[in-house]
1. Reachable lysines from Lys160, Cα under 19 Å, same-chain residues fewer than 8 places away excluded?
2. Under the 0.36 nm per residue contour assumption, what length would be gained going from the current alpha-carbon distance of Glu325 and Arg30 to full extension?
3. What is the sum of charges around Asp428, taking Lys and Arg as +1, Asp and Glu as -1, for the other residues whose C-beta is under 14 Å from the C-beta of Asp428?
4. Carbon-plus-sulfur fraction of the accessible area of the chain, 1.4 Å probe, in percent?
5. If Lys and Arg each add +1 and Asp and Glu each add -1, what is the summed charge of the other residues whose beta carbon sits under 13 Å from the beta carbon of Pro227?
6. Going by average Cβ neighbours within 10 Å, how do the peptides 104-115, 349-360 rank, with the highest at the top?
7. How many angstrom lie between the Cα centre of region 392-420 and the Cα centre of region 282-296?
8. Are there trypsin sites (Lys or Arg not before Pro) in region 112-175 that DSSP puts in a loop and that have at most 13 other Cβ atoms within 10 Å, and which ones?
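The values are calculated or read from the model by the stated rules, or taken from the named source; none is laboratory data. Just so you know, these numbers come straight off a predicted model, no measurement behind them. Glycine also receives a Cβ, built like all others from the backbone with ideal geometry; neighbour counts cover every protein chain displayed. Just so you know, the surface numbers come from the protein's heavy atoms only, side chains and all, with ligands and any DNA or RNA stripped out. Shrake-Rupley method; radii C 1.70, N 1.55, O 1.52, S 1.80 Å.
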Amino acid sequence: MHTSQDYLTRQAETESNARTYPRKLPVAIRRAEGLYVTDADGRVFMDCLCGAGTLALGHNHPAVVAAIREHLDEGYPLHTLDLTTPVKHRFVEELFSTLPSHFAANARIQFCSPSGADAVEAAIKLVKTATGRSGMISFQGGYHGQTHGALALMGNLGPKVPGLMPEVQFHPYPYAYRCPMGHVDCGGCDCSAYTRQALSDPEGGVARPAGMILEVVQGEGGAIPAPASWLGQIRSIANERQIPLIFDEVQTGWGRTGTMYAFEHSGVVPDVLVLSKAIGGGLPLAVIVYREELDVWKPGAHAGTFRGNQLAMSTGLATLDFIREHDVLGNVAAMSERFQERLRDLQERFGFIGDVRGRGLMLGMEIVDREQPDAIGRPTGHGSLARELQAACFADGLIVELGGRHGAVMRLLPPLTITAVQVDAVCDVIGRACRTVQAARQERDLLVHV
Ligand SMILES: Cc1ncc(COP(=O)(O)O)c(C=O)c1O
């Protein structure tokens, strides 16, 4: 019998130095159910990371487990390349039924290799083929995955390597707490004007791109929802210039923000929709869905051995059925409100909580250092304090991830089925962590002044 520490030690000896989560969340997971994971020593944690938002219904949901059993019992294939099957047929029909009818009526779907980044790569290729243009516009703070093309679209400079896909222009993404236009009290000024102007200025240095890609709510960037007005402006800028608009809903798709897709909050519809994570019900699956006018690909123009994960289609379908049949979207809205109320209450008590934001069950709490204003007078993000908070939560049985600028945003991505009692339990842990961290800081300050 191995202990958690045995597994962790061996992991550190054998796995790549690129490993991330185990460094901050040293846990060897033995069992998992719903919100809870149990480590190899029998310690139970509440998991508000949920496979980075993949597990819409939490771990090993009975509906998902039953779908796996049924798939095997029926003798359905596990792998068929892009050949069709009854499971795939139903998956496509059901996925299309989640989309706005005018989009679905003229849409095409491409099954991609199984990760979100694979689907982003497909979207880049699609719009480049369709327009014959080469550049892309992405937005500051955006996260689209870590393959060579997707990484080039990422705002965070940390993981970038030399020689990424060229011709990517970064434009401001509306982040009122840390306004990209430098306004200290940004009441939601409209930075789409910058994009419009840059694309209109013959000497602006921005050529008409093959596509524009954005997250409707930035996830890794720190739980930042884009206002509907900005999305509407970006949509019209794209229309006026025939630039395909790509929404990367890898993290937001299928209920995370309280609607099936995050774009529904605004009514702004993309030309290309990128989906992964929740659509596979916890198993790897990724697709792009796009307007058929863009479908000028020649046969074989985009392929990949693992583009037809049949079992993931079954678990994805089970997830979708459950979301629809049990008013999961209603639960997301109610639990989001409850979370935000509790977190705002903490914000009033702890000065280092600068902002509480998000949409649905994609929430963030930005940790700041009010004594260290940045170049334009805003409190800087306090990454080390956020890490202390994350560690205090972990020690008290709660798994949360950090994201955003300087890793200063505590992110919450609980199962969409989380209950009120569980929300309270999660917030109780965060509250205790805030007190622990505050007390430790006060003690350190006292020592400095002795
Ligand atoms: C919005 C968004 N796009 C793309 C990706 C990349 O997905 P994957 O890690 O499966 O490649 C992620 C992953 O977190 C994401 O949040």
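1. none
2. Contour length minus Cα-Cα distance gives 103.2 nm.
3. +1
4. Ligands and nucleic acids excluded, carbon and sulfur reach 52 percent.
5. Cβ neighbours under 13 Å give a net charge of +2.
6. The most tightly packed comes first, giving 349-360, 104-115.
7. Here the answer is 30 Å between Cα centres.
8. Lys160
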